[in-house]
Amino acid sequence: MNVVPGRVITLTGRVDHNASRFEFNLLTGAYNGADVAFHFNPRFDQREAVRNSCQGGGWGPEEKQGGFPLHPGQQFEIQIICFPEHYQVNCNGHAWYTYRHRIPYQQVQALQVKGDVTITNVYAY
């Protein structure tokens, strides 16, 4: 996956009805041990979306501000837009938050999805 400024990654899907957490990760490789350039982790039990990066096995400080527009059972469209200095994340057509790059976007090679979510489509343009 090429991530460059202007690239938009769009994920559509549905949050599971009994959702606790799910995550999207932009990885620097496709194998275990890859760094996580961008970790997006909505936590329904805490009503917050945690963002972070993991480099060399060590996690940085979590970012949590910005509200929580997701609901169990809800369909969604999440866009991750790459800018030179940050990612812009939108949910259902509304700006949600920005996340400043901690690992260069040029190193991103893969998208990983885990947890209580069903993805119906992923596309990048």
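The values are calculated or read from the model by the stated rules, or taken from the named source; none is laboratory data. Note that this is a predicted model, so its numbers are computed, not measured. Cβ coordinates were reconstructed from backbone atoms using ideal geometry, including for glycine residues, and neighbour counts include every protein chain displayed. Surface areas here come from the heavy atoms of the whole protein model, side chains and all, with no ligands, DNA or RNA. Shrake-Rupley method; radii C 1.70, N 1.55, O 1.52, S 1.80 Å.
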Query - Restricting region 82-109 to residues that are more than 12 Å from the chain's Cα centre (by Cα) and in a strand (DSSP E or B), the residue that is farthest from V3 (Cα to Cα) - result: H94
Query raised in the report: For region 45-77, how many residues are part of a strand (DSSP E or B), in contact with a strand residue (DSSP E or B) (Cβ under 7 Å, 6 or more places away or on another chain) and open to solvent by 30 Å² or more (accessible area, probe 1.4 Å)?
Result: 4
Report summary line: Only unsatisfied item for C82, checking (1) open to solvent by 50 Å² or more (accessible area, probe 1.4 Å); (2) in contact with a helix residue (DSSP H, G or I) (Cβ under 8 Å, 6 or more places away or on another chain), is (1)
Report task. All but one of (1) open to solvent by 40 Å² or more (accessible area, probe 1.4 Å); (2) under 20 Å from E77 (Cβ atoms); (3) not in a strand (DSSP E or B) hold for A19, so report the exception by its number. Result -> (1)
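Would you confirm, using the coordinates I've provided, whether Y99 is out of contact with any Lys or Arg (no Cβ under 6 Å at 6 or more places or on another chain) and closer than 18 Å to A124 by Cβ?
Details: out of contact with any Lys or Arg (no Cβ under 6 Å at 6 or more places or on another chain): no; closer than 18 Å to A124 by Cβ: yes.
So Y99 fails the test.
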Report summary line: Within region 110-120, residues being surrounded by 14 or more Cβ atoms within 10 Å (Cβ to Cβ), within 23 Å of P61 (Cα to Cα) and not hydrophobic (A, V, I, L, M, F, W, C) number 1
**Report entry** Condition met for Y123 (over 18 Å from R43 (Cα atoms), in a strand (DSSP E or B), aromatic (F, W, Y) and open to solvent by 60 Å² or more (accessible area, probe 1.4 Å))
**Finding:** yes
Report summary line: Scanning region 1-16 for residues that are at pLDDT 95 or above, more than 17 Å from C91 (Cβ to Cβ) and surrounded by 13 or more Cβ atoms within 10 Å (Cβ to Cβ) gives V3, R7
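Could you go through region 86-104 and let me know if any residue there is modelled with pLDDT under 95 and either hydrophobic (A, V, I, L, M, F, W, C) or open to solvent by less than 20 Å² (accessible area, probe 1.4 Å) (or both). Before the answer, list the steps.
Going residue by residue through region 86-104, those that are modelled with pLDDT under 95 are none.
No: zero hits.
Based on what the data block shows, is L26 over 18 Å from V3 (Cα atoms) and either touching a helix residue (DSSP H, G or I) at 6+ places or on another chain (Cβ under 8 Å) or open to solvent by less than 20 Å² (accessible area, probe 1.4 Å) (or both)?
On the way: over 18 Å from V3 (Cα atoms): no; either touching a helix residue (DSSP H, G or I) at 6+ places or on another chain (Cβ under 8 Å) or open to solvent by less than 20 Å² (accessible area, probe 1.4 Å) (or both): yes.
No: the conditions fail for L26.
Can you tell me how many residues within region 46-78 are under 21 Å from G29 (Cα atoms), touching a Phe, Trp or Tyr at 6+ places or on another chain (Cβ under 9 Å) and not small (G, A, S)? If you could, list the steps in order and put the result at the bottom.
So in region 46-78, the residues under 21 Å from G29 (Cα atoms) come out as 51-60.
With the extra rule that they be touching a Phe, Trp or Tyr at 6+ places or on another chain (Cβ under 9 Å), the set shrinks to 51-53.
Imposing the further condition that a residue be not small (G, A, S) reduces the set to 51-52.
The number of residues fulfilling the criteria is 2.
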